[in-house]
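Read through the structure below, which is laid out as structure tokens, and then see the notes.
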Amino acid sequence: MLLSIVLYAGNVLILRAAAEASPVADAWVATAFRGVIGLVLVAALFGGRGFQARNLVSRPLVLARGLVGAVAILLFYFTIPHLGAGRAVILNLTYPVFAGLMAQYWIGESMSRRQWGWMLASLAGLMIFLGSDAWKPGAIVWELVGLLGAITAGGAVVLIRELRHSEHPSTVFASQCLWSLALTLPFSFGSVRSLPSGVLAALIGAAVLVGLAQLAMTHAFRSLSVARGSAIQMLLPLLTTLGGMALFNERLSLLEVVGAALTLWGTFEAVRPRASPAAAPAR
């Protein structure tokens, strides 16, 4: 799960550089590349070794995972230019709360009050950390879109967790890639032809990173609960910001450092196993 965060952060930083270099590299194009490269990765790494192509169209839960995941990606990308990266990320990172609720009532994964408390504390830290960019008036419609994206992302996580019983991670991942491509191809095909060669290479590299990140995350959710895996994912914006400081000369204020520390602490406590009582001595 930690490896997936590193790869996701690399993807975000490359996409930021690509968008600055060419406005054609928008959400539709980036999502389309993500779908194409993801399918290529699955074929190269898992063809004949676990991947079941027929399940992409014959299994309802696999179909649902692909469609829900692709919609979640698009909804998140749509909010970024309207809300700014900070507010969009805050709204999207409420998905562990929705995932936890869905997992509790759908697949029977219970969450303790302690886990809920620390996850909410971690989210509060993110709100402080990103708050300087976040709170802009007059964006209620896009805030609702962002929350809908978070709810959708929570559903995708629970579907991944449920499919661990019956599907190979490559099949689960390929379903999202297929739907990402299907939803975005009509809106991105013409734009790809006008991309500069350097931006084209950057988008391919970003898609490779996010494909590997998704495979790592899908594999991790086979062993981690929704609560634990989602809480670890909340470290992503912190790592992305560190990359932005190194590559784009971004700086953190004291308040942002406080928020970052709260997020790290809350995430650690949410995923830390509770100590089991000491065994009674043998008599």
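Taking the Cβ-Cβ separation of TRP106 and ALA261 as r and a Förster radius of 45 Å, what is the calculated FRET efficiency to the nearest 0.05? All intermediate terms of the calculation are to be shown ahead of the outcome.
Numbers: r = 34 Å, r/R0 = 0.75.
So, using R0 = 45 Å, E works out to roughly 0.85.
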Counting only the backbone N, which residues of the range 152-195 are under 14 Å from the spot 7 Å out from the Cα of ALA53 toward its beta-carbon? 171, 174-175, 178
Largest-first ranking of VAL141, VAL158 by accessible area, probe 1.4 Å, whole protein assembly kept, is VAL141, VAL158
Taking the Cβ-Cβ separation of LEU2 and ARG113 as r and a Förster radius of 30 Å, what is the calculated FRET efficiency to the nearest 0.05? 0.70
Can you check what the Kirkwood hydrodynamic radius comes to for the range 93-213, Cα pairs only, in Å to one decimal? 17.6 Å
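Determine the order of LEU101, LEU13, LEU203 by accessible area, beginning with the largest, at a probe radius of 1.4 Å. Provide the component values of the computation, followed by the final result.
Numbers: LEU101 75, LEU13 25, LEU203 5 Å².
Descending accessible area places them as LEU101, LEU13, LEU203.
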Please state, to two decimals, what the Cα-based radius of gyration of the chain comes to when divided by 2.2 N^0.38 Å (N = residues). 1.02
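Between MET245 and ARG164, how high is the FRET efficiency from 1/(1 + (r/R0)^6) when r is the Cβ-Cβ distance and R₀ = 41 Å? Nearest 0.05. Could you put the intermediate results ahead of the total?
Values: r = 36 Å, r/R0 = 0.88.
With R0 = 41 Å, the Cβ-Cβ based efficiency is 0.70.
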Taking all protein chains together and a probe of 1.4 Å, list MET234, MET102, MET127, MET1 from the most accessible to the least accessible. MET127, MET102, MET1, MET234
P(r) of the range 23-99 over all Cα-Cα pairs, binned every 10 Å from zero, in whole percent: 15, 37, 32, 15, 1
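Per the 1.4 Å probe, what fraction of the accessible area of the chain, in percent, lies on carbon and sulfur atoms? Let's see the in-between values first.
Numbers: 9310 of 13450 Å².
Roughly 69 percent, rounded to a whole number.
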Counting pairs of alpha carbon atoms under 8 Å apart in space and at least six apart in sequence, what relative contact order in percent does the chain give? 40 percent
From the backbone phi of the range 51-64, what are the Karplus-calculated ³J(HN,Hα) couplings (6.51 cos²θ - 1.76 cosθ + 1.60, θ = phi - 60°) in whole Hz, Gly and Pro given as x? 5, 10, 4, 5, 5, 5, 10, 9, 10, x, 5, 5, 4, 4
State, in angstrom, two size descriptors of the range 67-115 derived from its alpha carbons: Rg to one decimal place and Dmax to the nearest whole number. 13.5, 37
Stokes-Einstein, Kirkwood over Cα pairs, the range 1-50, 37 °C, 0.692 mPa s; D in µm²/s equals 265 µm²/s
Here the Cα Rg-to-2.2 N^0.38 Å ratio for the range 187-263 is 1.48
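The values are calculated or read from the model by the stated rules, or taken from the named source; none is laboratory data. This one's a predicted model, so the numbers in the text were calculated from it and none came from an experiment. A quick note on method: Cβ atoms are made from the backbone with ideal geometry, for glycine too, and the neighbour counts reach across all protein chains shown. Each accessible area value is taken on the protein alone, full model and side chains, heavy atoms only, with ligands, DNA and RNA left out. Shrake-Rupley method; radii C 1.70, N 1.55, O 1.52, S 1.80 Å.
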